[in-house]
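Values quoted throughout were computed directly from the atomic coordinates according to the rules given, and no laboratory measurement underlies them. Bear in mind the structure is a predicted one, so any value in this text is a computation, not a measurement. Reconstructed Cβ throughout: ideal geometry from the backbone, glycine too, with neighbour counts over all protein chains shown.
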Amino acid sequence: MSKVRISVSLEADQAERIRAHAERAGMDISAYMVNAATRQMAETAAAEAGFAAIDALIAGAEGRTGRP
């Protein structure tokens, strides 16, 4: 699979914290950032899946009443 380069702008203190965490994890910054983003996407997907049934109930109730 080919790789794509993405540029990220952040504050110097954030960059240093990321650098330090990546080093402690034994990862380079790129791998650390990909790992962090992938974990965040999985957490978001799990939360969305967990609330899907509730969201559907709310949407159904709003549809029946015509009110948000």
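General observations
- Pairs linking a residue in segment 17-42 that is aromatic (Phe, Trp, Tyr) to a residue that is surrounded by 12 or more Cβ atoms within 10 Å (Cβ to Cβ), with Cβ atoms under 9 Å and 6 or more positions apart or on different chains, are Tyr32/Ile18; Tyr32/Arg19; Tyr32/His21; Tyr32/Ala22; Tyr32/Glu23; Tyr32/Ala25.
- Selection of segment 17-59 for residues being hydrophobic (A, V, I, L, M, F, W, C), loosely packed, with under 11 Cβ neighbours inside 10 Å and under 10 Å from the mean Cα position of the chain (by Cα) yields Met41, Ala42, Ala45.
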